[in-house]
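Data block below; observations after.
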Amino acid sequence: MSEANPPIVHALDPDRPDRHFVCPEPFDPAAEEVLPPARQREMMAGYWRLVWWKLRRHKLAVGSGVVLILLYLVVAFAEVLAPYPLGSRDTDHIYAPPQSVHLFHDGAFIGPYVYPLDYTLDMVRLKREYAPDTTRPQPLRFFCAGLPYRFWGLFEANVHLVCPPEGGTLFLLGTDRLGQDMASRLMHGTRVSMTVGLIGIAISFVIGVTLGGMAGYFGGWVDAVVQRMIEILRSLPELPLWMALSAAVPVTWSPIVVFFCITLILGLIDWPGLARAVRSKLLALREEDYVTAAQLIGARPARIIGRHLLPNFSSHLIASVTLSIPGMILGETALSFLGLGLRPPVTSWGVMLTEAQNIEAVVLYPWLMTPMLAVMVAVLAFNFLGDGLRDAADPYD
Amino acid sequence: MGPYLIRRLGLMVLTLTVTSVLVFVIIQLPPGDYLTTYIEELRAQGEMVPQERIDYMREQYGLDKTLVQQYFVWAGGLLVGDLGYSFEHDVPVEALIGDVFILTLVVNAATVLFVYIVAFPIGLYTATHRYSIGDYGLTFIGFLGLATPNFLLALILLYLANRWFGTSIGGLMDPSYLDAPWGVGKVLSVIEHLWVPVVVIGTAGTAAMIRRLRANLLDELNRPYVTTGRAKGLPPTRLLVKYPLRMALNPFVADIGNLLPQLVSGSVIVSAIMSLPTTGPLLLRALAAQDYYVAGAMLMFLALLTVVGQFVSDVLLAVLDPRIRLGGGLAK
């Protein structure tokens, strides 16, 4: 209060003296009660920042997020990360066991290296036997020129993160029936298996949000029809339907087309859960005043739903989307495993697992089962992240 | 109860009708029909196929009619138990299925039982011993169960069963009983073989069920009436069993709606791997061979299994919980 206060006057009667003191200075509530900086930051933070803070506390979800980012890095750079390009075979090493990487040879550090595999055929049991030759360490090469590949099928390259030693082999996870490196195939398979889920969920998201949005916004007979559709689809077993639909995809189509058909099939049957969630949210939200305001201004339903209603629970949507991706990954794996989904030369985890279809594989060549670990890691990561997101979607508790 | 039952029954009939249309469309989707393939095969073998014979077969199999007519012939047949004709095996579908439907029913029923028997005590334990080591351990195993593709679990368990108990690999009974008439020995053999598929199919469902029961029970345990009961000196077990458990059980029963389609899906793939004499392998082979009446019959049966199962569970639930009947009657 630097200047002299203006005289206080009564609002109605300027002659009457007023006993109330009204300070004419602008009032700043934040200055009145000074919060500690941390608390203040929390009060000022936006919704997504709060969600992020809450998610960050969920260690398992954050860890799963990191795993998923790593997996998608593999998706992006599979050709560079894999020591062997897709389709390369080593007919001298069929069903070779995993080679392990060592650092010390005879007590001396010589960097990461592998021992070459000596091959003998057990004539009694007709079994291929491999034994590491521990006298000849073969150092690995890094960022080296290896077998050529087409990066993303677009341009030629031959740079690999790690290459097999000169004249040697590098089978970190062993080889399969055709002498293909399992580790390389696993990385290439990651690309297919992890994108199946994304594309499939994109399809199911569009259908689910559209139908669920219409049902929730319009109500009435639209709602009744969509509800019945949801109930019917949910009461049917998914897998047999998936099987029947993918059996209808002609074998003669190109692998890429088959891939899109499979994702389309997965997406077509998976939407009811999402539609139901959207519907129940919209039923409540459509009564809000701002919706009426938007209607009066003349906004069309699609705009009101997409622009004003959906953003209200976008974090919930993200959470339920994350939780439905594992089902798609498992679905693709199951279909390919049964020979109804993707087929070689396309490489996905399910396609790789067809090799491990019999007991013989489990007993003799257990490394053929490694794609199963990949499936489990991916499915668990999506589940944990989805759980964390669902908890974080309501940050105002 | 009456109106609810009628409404629910109507929904079931509607579901089955829509399903039959869906199934018919799906099995007709592959280009060409079995007859075209068959005739081409005969021609490739150098056999002369006169046009009259083709026309006769077309008419015989009803392939000369329009799709809509074919649908009604097929669906009408289903109603009276005529499942159509298997092109591949050249016999009516009924002759092909034998014990298949019954064994499918047995496997699925046993799995439902398994899920409830295992999930119930574990769910109870994890909810009452929240954040204990047991809770964390069981929750972790549950997550693993959710994430493992069940067909691979099947392979591993089969191997172990064979190694430890000498159970023959694959199938639902010892090979010596395959063509034998039903008797005590055969039933025992079925029971001995049943546990592997049941455990495999049920694992994912059990894991989901445990998580749901735990969440429901935890919600109830935090209610004020539990505190009141405890304050009044009710023994802990009695307090748990008499009130919160009852409340948490409703969703448990209702959950069969989610559980059944999942179990049936699982049983199809697991039985295809383990070559169980159930619908799975038959469906797979029929789909591969475009033997579409067999595929249609299998799909319809699986749908029937889940839909009827859900109907039964809904009626049970309505008996248990009057609020559901009322909710159904009040049209919005």
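The values are calculated or read from the model by the stated rules, or taken from the named source; none is laboratory data. The shown structure was predicted, so the numbers you read here are calculated from the model rather than taken from an experiment. No Cβ is skipped: glycine too gets one built from the backbone with ideal geometry, and neighbour counts run over all protein chains shown. Heavy atoms of the whole protein, side chains included, go into the accessibility calculation; ligands, DNA and RNA do not. Shrake-Rupley method; radii C 1.70, N 1.55, O 1.52, S 1.80 Å.
Below, the figures for the structure above:
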{"quantity": "Verdict on A:A381 being more than 8 Å from chain B (Cβ to nearest Cβ), at negative phi and under 15 Å from the mean Cα position of the chain (by Cα)", "calculated": "yes"}
{"quantity": "Pair list, Cβ < 6 Å and 6+ apart or interchain, from segment B:140-166 residues that are more than 10 Å from chain A (Cβ to nearest Cβ) to residues that are crowded, with 18+ Cβ neighbours inside 10 Å and among the hydroxyl-bearing types (S, T, Y)", "calculated": "B:G145/B:T203; B:A161/B:T167"}
{"quantity": "Condition met for B:D82 (open to solvent by 70 Å² or more (accessible area, probe 1.4 Å) and touching a strand residue (DSSP E or B) at 6+ places or on another chain (Cβ under 9 Å))", "calculated": "yes"}
{"quantity": "Pick from segment A:243-265, criterion within 13 Å of chain B (Cβ to nearest Cβ) and open to solvent by less than 10 Å² (accessible area, probe 1.4 Å), ranking: farthest from B:V264 (Cα to Cα)", "calculated": "A:S246"}
{"quantity": "Only one of B:V91, B:V49, B:V68 that is among the hydrophobic types (A, V, I, L, M, F, W, C) and either open to solvent by less than 30 Å² (accessible area, probe 1.4 Å) or within 22 Å of the chain's Cα centre (by Cα) (or both)", "calculated": "B:V49"}
{"quantity": "Selection count where residues are surrounded by fewer than 16 Cβ atoms within 10 Å (Cβ to Cβ) and without any contact (Cβ under 8 Å) to a residue 24 or more places away in the chain, scope segment B:241-263", "calculated": "3"}
{"quantity": "Subset tally (residues that are open to solvent by less than 100 Å² (accessible area, probe 1.4 Å) and more than 19 Å from A:F171 (Cβ to Cβ)) for segment A:118-136", "calculated": "1"}
{"quantity": "Any strands (runs of 3 or more DSSP E) falling wholly within segment A:95-195 and containing at least 2 residues that are without any contact (Cβ under 8 Å) to a residue 12 or more places away in the chain", "calculated": "A:102-105, A:108-114, A:117-122, A:155-163"}
{"quantity": "A:H160 vs. criteria closer than 23 Å to A:A356 by Cα and either assigned by TED's automatic domain parsing to the domain that holds A:P371 or surrounded by 17 or more Cβ atoms within 10 Å (Cβ to Cβ) (or both)", "calculated": "no"}
{"quantity": "Number of the condition not met by B:R8 [criteria: (1) at negative phi; (2) away from chain A (no Cβ under 14 Å); (3) surrounded by 14 or more Cβ atoms within 10 Å (Cβ to Cβ); (4) in contact (Cβ under 8 Å) with a residue 60 or more places away in the chain]", "calculated": "(2)"}
{"quantity": "All positions within segment B:126-143 that are open to solvent by 60 Å² or more (accessible area, probe 1.4 Å) and within 20 Å of A:S324 (Cα to Cα)", "calculated": "B:F140"}
{"quantity": "Matching entry among B:L67, B:L103, B:L83 (being at pLDDT 75 or above and in the same structural domain as B:D219 (by TED's automatic domain parsing))", "calculated": "B:L103"}
{"quantity": "From B:L144, B:L138, B:L96, residue being farther than 19 Å from B:M209 by Cα and either basic (K, R) or in a helix (DSSP H, G or I) (or both)", "calculated": "B:L96"}
{"quantity": "Any hit, segment A:347-366, residues being open to solvent by less than 10 Å² (accessible area, probe 1.4 Å), over 29 Å from A:E288 (Cα atoms) and acidic (D, E)", "calculated": "no"}
{"quantity": "Which listed residue, of B:I117, B:I122, is open to solvent by 80 Å² or more (accessible area, probe 1.4 Å), modelled with pLDDT of 80 or more and out of contact with any strand residue (DSSP E or B) (no Cβ under 7 Å at 6 or more places or on another chain)", "calculated": "B:I117"}
{"quantity": "Scan of segment A:315-366 for residues that are farther than 24 Å from A:D270 by Cα, part of a helix (DSSP H, G or I) and either in contact with a Phe, Trp or Tyr (Cβ under 6 Å, 6 or more places away or on another chain) or hydrophobic (A, V, I, L, M, F, W, C) (or both), ordered by number", "calculated": "A:M352, A:T354, A:A356, A:I359, A:A361, A:V362, A:V363, A:L364"}
{"quantity": "A:R57 vs. criteria in contact with a Leu (Cβ under 7 Å, 6 or more places away or on another chain) and either open to solvent by 30 Å² or more (accessible area, probe 1.4 Å) or among the basic types (K, R) (or both)", "calculated": "no"}
{"quantity": "Residue list for segment A:331-359, restricted to those being within 10 Å of chain B (Cβ to nearest Cβ) and either out of contact with any Ser or Thr (no Cβ under 6 Å at 6 or more places or on another chain) or among the basic types (K, R) (or both)", "calculated": "A:G331, A:T333, A:A334, A:L338, A:G339, A:L353, A:A356, A:Q357, A:N358, A:I359"}
{"quantity": "Hey, A:S246 assigned by TED's automatic domain parsing to the domain that holds A:G208 and without any contact (Cβ under 8 Å) to a residue 60 or more places away in the chain or not", "calculated": "no"}
{"quantity": "Segment B:279-301: number of residues that are open to solvent by less than 10 Å² (accessible area, probe 1.4 Å), more than 9 Å from every other protein chain (Cβ to nearest Cβ) and in contact with a Ser or Thr (Cβ under 7 Å, 6 or more places away or on another chain)", "calculated": "2"}
{"quantity": "Matching residues in segment A:282-313 - criterion: being more than 14 Å from chain B (Cβ to nearest Cβ) and under 28 Å from B:Q262 (Cβ atoms)", "calculated": "A:L282, A:F313"}
{"quantity": "B:L304 being open to solvent by 60 Å² or more (accessible area, probe 1.4 Å), in a helix (DSSP H, G or I) and either at the interface with another protein chain (Cβ under 9 Å from one of its Cβ atoms) or at pLDDT 80 or above (or both)", "calculated": "yes"}
